[in-house]
Amino acid sequence: MTSTTAFADKKPMFIVRILKPYLNESTLMVGLLIVGVFTVISILAPWISPYAPDKTDLANALQMPSGDHWFGTDELGRDIFSRILHGARTDLLIAIGGVMLAYLLALPFGLSAGYFRGRTDRWISTVSESILTFPSIVLSIIIVSFIGTGTAGLILTIMITQAPQLVRYIRSFVLQVREMEYIMAAKAAGSRNLYIMVRHVLRNTMGSTMVVLSLLASEAVLVAAALGFLGLGVQPPAPEWGTMLSRSRSYFEMAPHLMIFPGMAIALLILGFNLIGDGFRDYLDSRKG
């Protein structure tokens with residue numbers, strides 16, 4: 001019993017020691033706070049939203065913000081605050097899900113290109129650079145037109161459009177560490193290439209990759225909102241911030257709150273991801289210094 005209690009007392013201190021270097025980065029903490037709040041909101045939306053997101057009330061359509069409807073109502077009388085809460089789940093799922101799938105797709109190609117170089121590098125780099133010649137929003141429109149709209153379609157679109165970028169970034173990170181002394185020592189010790197790539201190379205590129213992933217997540221939020229604004233995103237009546245912006249265009253002069261609040265949600269989430277990326281980069285720079 002005594003040893004168990006001692007372990008329980010030491011566990012919080014162990015977590016604090018791990019998190020302490022990151023706690024000194026105020027930019028990172030603010031970014032994590034913003035994204036964390038949106039994450040909690042998205043999880044608790046069914047319980048904390050005052051109204052169902054698809055509940056219509058035509059008698060109270062286009063109401064300005066009030067005590068009953070904090071962010072007002074839309075053209076169908078739906079509560080905008082409730083729709084933004086539920087929309088956070090959709091936009092976070094698209095951004096984080098799309099970026100993580102893109103990372104899993106790009107990781108083996110980026111590692112192989114940077115580690116083996118030569119012909120492998122040329123083939124992989126040629127394909128990824130060819131895809132990157134298309135502007136991301138144009139490529140997203142083309143892909144979603146074939147795959148289809150909806151949450152799953154947007155996640156796959158983000159994955160396909162961002163994987164070539166991640167291949168290029170991961171390749172450059174691998175090139176920076178592949179000639180390090182510990183890599184050469186592992187090769188001299190007879191370690192297999194796969195072991196070296198996973199145990200040493202991947203481990204020492206994760207910090208830089210985290211910076212890129214957070215910045216790409218903010219780009220994914222923007223792309224999802226843009227596609228929704230163009231009518232190619234999550235389709236009504238499902239709540240999604242870009243789609244809400246699109247439907248508010250016709251009512252901007254008489255009900256500007258329809259555009260203001262979804263736009264603020266998009267801007268805040270993008271800011272949160274950007275701050276996380278900047279904070280990680282500052283932390284890595286301070287370690288190098």
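The values are calculated or read from the model by the stated rules, or taken from the named source; none is laboratory data. The model shown is predicted, which means the values in this text are computed figures rather than measured ones. Cβ atoms come from the backbone with ideal geometry, glycine included; neighbour counts cover every protein chain shown. Surface accessibility is based on the protein's heavy atoms, side chains included, excluding ligands, DNA and RNA. Shrake-Rupley method; radii C 1.70, N 1.55, O 1.52, S 1.80 Å.
Among the listed options (1) 1.00; (2) 1.07; (3) 1.02, the one matching Rg/Rh (Cα atoms, Kirkwood Rh) as calculated from these coordinates is (2). Ranking ILE43, PRO108, GLY77 by Cα position along the charge dipole of the chain, where only Lys, Arg, Asp and Glu carry charges on their C-beta atoms, puts PRO108 farthest toward the positive end. The charge dipole of region 159-265, taken about the Cα centre with unit charges on the Cβ atoms of Lys, Arg (+1) and Asp, Glu (-1), comes to about 480 debye, rounded to the nearest 20. Given the DSSP H assignment, sum -39500 (n - 2.57) over each helix run of at least 4 residues in the chain and divide by its residue total; what's the result at 222 nm in deg cm²/dmol, nearest 500? The helix contribution divided over the chain gives -25500 deg cm²/dmol. The residues packed around HIS200, meaning those with a beta-carbon under 15 Å from its beta-carbon, carry a net charge of +3 if Lys and Arg are +1 and Asp and Glu are -1. Dipole magnitude for the chain: about 1440 debye, using +1 per Lys or Arg Cβ and -1 per Asp or Glu Cβ, origin at the Cα centre.
Sites listed here are chymotrypsin sites (Phe, Trp or Tyr not before Pro) in region 65-138 whose DSSP assignment is loop and whose Cβ has at most 15 other Cβ atoms within 10 Å: TRP70.
Against the main long axis of the alpha-carbon atoms of the chain, helix 257-288 sits at an angle near 20°.
Protection proxy ranking, highest mean first, for peptides 27-35, 53-61, 228-236: 228-236, 27-35, 53-61, where packing is the per-residue count of other beta-carbon atoms within 10 Å, averaged. Solvent exposure of THR120, expressed as accessible area, is near 60 Å², computed with a probe of 1.4 Å over the protein chains only. Note on region 139-220: dipole from Cβ charges, positive end direction compared against ILE160, ALA189, LEU215; the farthest Cα belongs to ALA189.
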